[in-house]
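The values are calculated or read from the model by the stated rules, or taken from the named source; none is laboratory data. Quantities reported herein were computed from a predicted structural model and do not represent experimental measurements. With ideal geometry, Cβ positions are generated from the backbone for all residues, glycine too; neighbour counts draw on all protein chains shown. Keep in mind that these areas ignore ligands, DNA and RNA; they rest on the heavy atoms of the full protein, side chains included. Shrake-Rupley method; radii C 1.70, N 1.55, O 1.52, S 1.80 Å.
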Amino acid sequence: SQPPSLFDARPSEDKPSTNNPFPFRCPRTRPMGERLAGAEKEVLVEIVRFTQKNGLKGAEGGWKDFLARNDKKFGASVSDPKKRTKDVLLVFLVTFSKDFQKYFRKLVRRHAERRAIEQYMNEFSGKISPEQKLVQLTTEHLDYRKNYYFPSYQEGWKVMRIGKVSSSMNSGAMLAIDCEMVLCHDGTEAVVRVCVVDNKLEVKLDTLVNPLKAVADYRTHITGVSKKDLEGVTCSLVDIQKSLKKILAKGKILVGHSLYRDLYVLKFDYSRVIDTAYIFKYANLPTTSTASLNSLCKSVCGYSVREDGEPHNCLKDAEAAMNLVTAKLKHGFNDPIEIAENSVRVERKFLVLPVVIQVAT
């Protein structure tokens, strides 16, 4: 007789399945699915949502394609992953290739690290450094998971683990980073300058980077970098990634304003971060909005990073991010702050093109 289908139960029910959790069309991927089976349901929900956000497709298509094909009763009408059982989520995820399976397991490990950190902070709150508390404040922000789940399964990405939890929780060593990006002909952005300072504002890295592909717009009025500036530059993105892995050794905290933008263009997946856009509360901004670096420095530190119309200075922006963290540690700023109404918010354009990958059956 045929085993009962995973879709026999109503979508809201999360009952354990029968002895065979993978009853149809994926026998070759079953071992990989079993490696994901130990993850909590909420982690699998996040992974499925990640596939939706990036347009990723497995052997049976995307998430809605999978539901429409396999759920004869509800089809794709109930597409919220949270309303599906853990087993249904698993069966969908194991339709992806081995390379994607590795990436999914990486997301599971990242969640496990966060849980370990939360547990350690609850049990040993007296041993947690003030800087680490700001890391935790960053991860608790509503937009953290949306912006800090990087597509590091793609070619060229580097992933850096945080190491032993107890050691990193006690450490307060910080580095602040800022990047300038140009728009390339292929529609992507490429980093052309990287600056890193420590908590004493000593410069640890200030380097121009060769994008190694055709540039459509140098955005000199914003980046301060021109075509002439990059003539003869040999430093590549790979060189920068190696430098970051070296200077971030021993669990240093990486600081930045809307830092995920910099990490994305650097293709560098790192989880021990303080995002200065996330650690302050704003009295006169919508809950879904964050202040620009310039306006935040005006309100918190009492100075402007740049005047109206002045291009970005990578080094000054890195210093400003570190100054914001120093001010937060020293003065608290726990109450909502007013953002100056006459401040000019200049957003650097950030392009994230959807990645659509069809995995062959």
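Given a 1.4 angstrom probe, I'd like the percentage of the accessible area of region 158-331 that is carbon and sulfur, rounded to a whole number. Walk me through the numbers on the way to the answer.
On the way: 3700 of 7350 Å².
Summing carbon and sulfur atoms, their accessible area is 50 percent of the total for region 158-331.
Whenever you get a sec, compute what percent of the accessible area on region 88-133 sits on carbon and sulfur atoms (1.4 Å probe).
In region 88-133, the share of accessible area belonging to carbon and sulfur is 50 percent.
What pairs from Lys57/Lys86; Lys106/Lys204; Lys106/Lys146; Lys41/Lys127; Lys106/Lys133 go past 21 Å between their alpha carbons?
Long pairs (Cα-Cα over 21 Å): Lys106/Lys204; Lys41/Lys127; Lys106/Lys133.
Could you tell me what fraction of 2.2 N^0.38 Å the Cα radius of gyration of region 38-103 comes to, as a two-decimal ratio?
In units of the 2.2 N^0.38 Å rule of thumb, it is 1.01.
Just to make sure I understand: if all protein chains stay in place, what is the order of Glu202, Glu319 by accessible area at 1.4 Å, largest first?
Order by accessible area, largest first: Glu202, Glu319.
Calculate, in nm to one decimal, what Phe74 and Arg105 gain on full extension: separation in residues at 0.36 nm each, minus their alpha carbon distance.
Full-extension gain reported as 8.3 nm.
Which residues does a label at Glu338 reach in region 243-287, if reach means a backbone N under 15 Å from a point 7 Å past the Cα toward the Cβ?
Only 282-285 pass the distance filter.
What accessible surface, in Å², does a 1.4 Å probe find on His141, ignoring ligands, DNA and RNA and rounding to the nearest 10?
That residue has around 40 Å² of solvent-accessible surface.
Summing +1 for each Lys or Arg and -1 for each Asp or Glu, what net charge is found among the other residues whose Cβ lies under 10 Å from the Cβ of Gly256?
-3
Report ³J(HN,Hα) in whole Hz for each residue of region 122-129, in order, from the Karplus equation J = 6.51 cos²θ - 1.76 cosθ + 1.60 where θ = phi - 60°; Gly and Pro get x.
Values per residue, Gly and Pro as x: 6, 7, 10, 4, x, 9, 7, 5 Hz.
Pairwise over distinct Cα atoms, reciprocal of the mean inverse distance: report the Kirkwood radius of region 71-185 in Å, one decimal place. Could you put the intermediate results ahead of the total?
Details: mean 1/r = 0.0567 Å⁻¹.
That comes to 17.6 Å for region 71-185.
What shape does region 283-341 have by the C-alpha gyration tensor, where a ≥ b ≥ c are the square roots of the eigenvalues, rounded means a/c under 1.5, and otherwise prolate means a/b greater than b/c and oblate the rest?
Here region 283-341 falls in the oblate category.
Before I look further, what does region 33-127 give for accessible area per residue, probe 1.4 Å, in whole square angstrom?
45 Å²
Starting from region 199-301, pick out the trypsin sites (Lys or Arg not before Pro) whose DSSP state is loop and whose Cβ has at most 15 other Cβ atoms within 10 Å.
Filter output for region 199-301: Lys200, Lys213, Lys227, Lys250, Lys281.
Under the rule a/c < 1.5 gives rounded, and otherwise a/b versus b/c splits prolate from oblate, where does region 158-331 land using the Cα gyration tensor?
Verdict is oblate for region 158-331.
FRET efficiency for Gln52 and Val238, Cβ-Cβ distance as r, R0 = 30 Å, nearest 0.05?
Here the calculated transfer efficiency is 0.45.
Rounded to the nearest 10 Å², what accessible area does Thr220 show when all protein chains are kept and the probe is 1.4 Å?
60 Å²
Could you please state, rounded to a whole Å, how far the C-alpha centre of region 295-318 is from the C-alpha centre of region 202-271?
Between the Cα centres of region 295-318 and region 202-271 lies a distance of 19 Å.
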